[in-house]
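Take a look at the structure set out below.
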Amino acid sequence: MKRLRTTAVHGGRDDLADLGVHALPIDLSTTYPIPDQVEGGHALQHLAEGAAHATSPVYARLHNPTVARFEQALAALEGTSAAVAFGSGMAAVTAVVQAACVLTGKSHVVAVRPIYGGTDHLLSSGLLGVRTTYATADRVADAITPRTGLVVVETPANPNLDLLDIAAVVAQVGDVPVVVDNTFATPVLQNPAAFGATYVLHSGTKYLGGHGDVLGGVVACAEEHAGPLRQIRILTGAVLHPLGGYLMHRGLATLPLRVEAAQRGAVELAARLDAHPGTGLVRHPSLPGADPAGLIGTGAQMRGPGAVLAFTTREDPAAVVRRLRLVTPAVSLGSVDTLIEHPSALTHRLVPDAAREASGVPANLLRLSVGLEDVDDIWDDLDQALSSHCEEDYIKPSSSGFREPAAGH
Ligand SMILES: Cc1ncc(COP(=O)(O)O)c(C=O)c1O
């Protein structure tokens, strides 16, 4: 097996030299000529049964070669035998719930908060016919019932960067599949399948695409779990457009470099924000006390702390964001530019206030996705936005722990 950066550059491209092309081919066909309709029927049957490919793609909702290349590359990065791409991260979450619960006759999900607000809202809405129990990471076992079809976790979690021990969750669940949303870590920093996750999910809209210009999702898993996901994708039409597949595949080549560079900036900014009088709690896995379980390090669950951080503000967070001139005030993350957003107003707005607060996401928390700008320029902008109302003689309390209780913040 090749090393990470090599896999990122070469994954899904093995046959390009033989084809005599250098850039990834984009196949925009919606339908494919089938001179032999009997053989075409067999191809359709294979795909409808969940096969990764057949003698003909038949129709673009069944299979697309450009998307399949991206899937192959992502699976190689995650260390799984397969991956299945979708039109968005939420379409991927939906398909995983359908595969693990609806197809198997299960009606219950256990989730560990916080998770992305859209996922949280989908799970609590009942829209997919499942009921969700929210548990803390150490009490997942207590929440499992015979009807439980899926356990949903994120680490680092959106938006407060909580870390959880994937293997410790997996050890509690018996046969119940675990989906780990790996959007924040990316395969550069973490491969949840190696710790027992059944499904590894990404909003490809974030770091995989990496430039804020493509919406997509992908699930890496073993081939036996990929088949049902493909069947669901065919039936629900939750397909990724081939241009999206191309852009996310192209993004993979620079993913390690982008994540490593943004992470360096995030480590620096987390330390500076932690010392700034305009912030309260600062949350980044690099900060002292942020990783008590030792989940980050060589041979550990994560190879680095990542490039998203969060902090509470002493002043109204909306006022702080309004003063920013360089940092982009927008939801989403993992782009080349630094993005800031206010979770309780935006990404986690639909999570009930009490539940949000209880999961360590206070109302004055801002989430910052560090981009690739010069770190001193990002800092200058944050510093001026946070400093406007700081009293000259204010001395910040020394405690800025990672995971203090939400109450009072
Ligand atoms: C961690 C995480 N998972 C899933 C999603 C949903 O992805 P998408 O917006 O691509 O549907 C998001 C979106 O913000 C996210 O941050």
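The values are calculated or read from the model by the stated rules, or taken from the named source; none is laboratory data. Being a predicted model, the structure only gives us computed values, none of them experimental. Quick reminder, even Gly has a Cβ in these numbers, built from the backbone with ideal geometry, and neighbours come from all protein chains shown. Only protein heavy atoms, including side chains, enter the accessible area calculation; ligands, DNA and RNA are left aside. Shrake-Rupley method; radii C 1.70, N 1.55, O 1.52, S 1.80 Å.
A compact table of results
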read-out: Region 285-340: translational diffusion in µm²/s, Stokes-Einstein, Kirkwood Rh over Cα pairs, 4 °C, 1.567 mPa s; value: 95 µm²/s
read-out: Using θ = phi - 60° and Karplus 6.51 cos²θ - 1.76 cosθ + 1.60, couplings along region 257-263 (whole Hz; Gly, Pro as x); value: 5, 5, 5, 5, 5, 5, 4
read-out: Convex hull volume per residue for region 164-264, taking Cα atoms only, in Å³; value: 107 Å³
read-out: Region 256-387: mean projected area of Cα convex hull, nm²; value: 8.1 nm²
read-out: Residue of Pro192, Pro285, Pro65 that the Gaussian network model of the chain assigns the largest fluctuation, springs spanning Cα pairs under 10 Å; value: Pro65
read-out: Lysines whose Cα lies under 20 Å from that of Lys2, excluding same-chain neighbours fewer than 8 positions away; value: none
read-out: Rounded accessible area per residue of the chain, 1.4 Å, Å²; value: 42 Å²
read-out: Euclidean distance between Cα centres, region 126-196 to region 226-280, Å; value: 19 Å
read-out: Dipole of region 256-387, positive direction: furthest Cα of Leu350, Trp379, Val327, with charges on the beta-carbon; value: Leu350
read-out: Tilt relative to the chain, helix 65-78 - C-alpha long axis, 0 to 90 degrees, to 10; value: 50 degrees
read-out: Residue among Gly210, Gly265, Gly40 with the largest mean-square fluctuation in a Gaussian network model of the chain, springs linking Cα atoms under 10 Å; value: Gly40
read-out: Kirkwood Rh and Cα Rg combined as Rg over Rh, evaluated for the chain; value: 0.99
read-out: Top positive-direction residue, dipole computed over the chain with Cβ charges, set Ala290, Thr186, Leu123; value: Leu123
read-out: DSSP beta bridge pairing in the chain, given as percent antiparallel to the nearest 5; value: 55 percent
read-out: Rounded percent of accessible protein surface that carbon and sulfur make up, the chain, 1.4 Å probe; value: 56 percent
read-out: Share, in percent, of DSSP beta bridges within region 74-228 that are antiparallel, nearest 5; value: 40 percent
read-out: Extended-chain gain in nm, criterion 0.36 nm per residue less alpha-carbon gap, Ala355 and Leu128; value: 79.6 nm
read-out: Electrostatic dipole magnitude of the chain [Cβ: Lys, Arg +1; Asp, Glu -1; Cα centre; debye, to 20]; value: 640 debye
